[in-house]
Amino acid sequence: MTPAPPGDARPFQDILDGYFTLRESLRQMAARQGFDGVTLTLTHAPVMDVRGLAADEPVPLHLRDGHAGLIDTLVVTALFGGESVLLVGAGDWRWFDDRADPALPADVRLGEPAFVRGVGWSGVERAEQTSSKFRAFLA
């Protein structure tokens with residue numbers, strides 16, 4: 001049996017806002033909850049890809065220069081360190097237009113708030129203080 005990384009873990013449920021990038025929304029939620037990392041599931045979440053918006057800029061009222069889609073299911077693990085956020089995930093989504101690249105962009109935004117459930121953990125202060133297996137994952 002592989003030992004769990006150090007720290008306290010607990011299940012949670014929360015709402016991600018839909019105004020910032022998914023990365024920023026996850027960072028804000030983790031800060032509210034006091035987590036250093038989370039694994040969560042998003043289902044039936046509208047998304048948009050609007051080029052040229054800063055990460056902290058809200059979504060436009062009308063989507064004229066972007067693409068809209070829907071995340072059917074997305075499982076995400078997010079690790080937070082200072083201002084950086086590492087996202088790893090897998091899921092199913094679709095775009096409502098003929099995009100040349102159907103990938104989910106790193107700066108994708110939720111089209112509206114989304115309810116999420118997951119497990120979050122805290123107490124992992126520095127990667128150097130964890131096991132070598134966990135440290136490799138954080139690299």
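The values are calculated or read from the model by the stated rules, or taken from the named source; none is laboratory data. From a predicted model like this one, the values you see are computed outputs, not experimental measurements. Here Cβ is always computed from backbone atoms with ideal geometry, including for glycine, and neighbour counts include all displayed protein chains. Accessible surface is based on the protein model in full, side chains and every heavy atom, while ligands, DNA and RNA are left aside. Shrake-Rupley method; radii C 1.70, N 1.55, O 1.52, S 1.80 Å.
Going by what's in this entry, would residue 27 be described as open to solvent by 20 Å² or more (accessible area, probe 1.4 Å), touching a strand residue (DSSP E or B) at 6+ places or on another chain (Cβ under 9 Å) and basic (Lys, Arg)? Break it down stepwise before answering.
Values: open to solvent by 20 Å² or more (accessible area, probe 1.4 Å): yes; touching a strand residue (DSSP E or B) at 6+ places or on another chain (Cβ under 9 Å): yes; basic (Lys, Arg): yes.
Judged against the criteria, residue 27 is a match.
Specify which of the listed residues (30, 9, 45) is under 18 Å from residue 108 (Cβ atoms), touching a residue at least 12 places away in the same chain (Cβ under 8 Å), out of contact with any Leu (no Cβ under 9 Å at 6 or more places or on another chain) and among the hydrophobic types (A, V, I, L, M, F, W, C).
Values: 9 fails: under 18 Å from residue 108 (Cβ atoms); 45 fails: out of contact with any Leu (no Cβ under 9 Å at 6 or more places or on another chain).
So the residue among 30, 9, 45 that is under 18 Å from residue 108 (Cβ atoms), touching a residue at least 12 places away in the same chain (Cβ under 8 Å), out of contact with any Leu (no Cβ under 9 Å at 6 or more places or on another chain) and among the hydrophobic types (A, V, I, L, M, F, W, C) is 30.
Within the bounds of the range 62-72, is there any residue that is in contact with a Leu (Cβ under 7 Å, 6 or more places away or on another chain), modelled with pLDDT of 90 or more and within 21 Å of residue 16 (Cβ to Cβ)?
yes
Going through the range 95-111 one residue at a time, which ones are in contact (Cβ under 8 Å) with a residue 60 or more places away in the chain, surrounded by 13 or more Cβ atoms within 10 Å (Cβ to Cβ) and of a type outside the set (Val, Ile, Thr)?
At the first step, the residues of the range 95-111 found to be in contact (Cβ under 8 Å) with a residue 60 or more places away in the chain are 106-111.
Subset that is surrounded by 13 or more Cβ atoms within 10 Å (Cβ to Cβ): 107-111.
Within the range 95-111, 107, 109, 110, 111 qualify.
How about the range 74-94: which of its residues are in contact with a Gly (Cβ under 8 Å, 6 or more places away or on another chain) and open to solvent by 60 Å² or more (accessible area, probe 1.4 Å)?
So the first thing to find is which residues in the range 74-94 are in contact with a Gly (Cβ under 8 Å, 6 or more places away or on another chain), and the list is 74-80, 93-94.
Once the filter is applied, which keeps residues that are in contact with a Gly (Cβ under 8 Å, 6 or more places away or on another chain) and open to solvent by 60 Å² or more (accessible area, probe 1.4 Å), the range 74-94 yields 75, 93, 94.
Pull up the range 1-14, narrow it to residues that are among the hydrophobic types (A, V, I, L, M, F, W, C) and modelled with pLDDT under 95, then point me to the one that is surrounded by the fewest Cβ atoms within 10 Å (Cβ to Cβ).
Result: 1.
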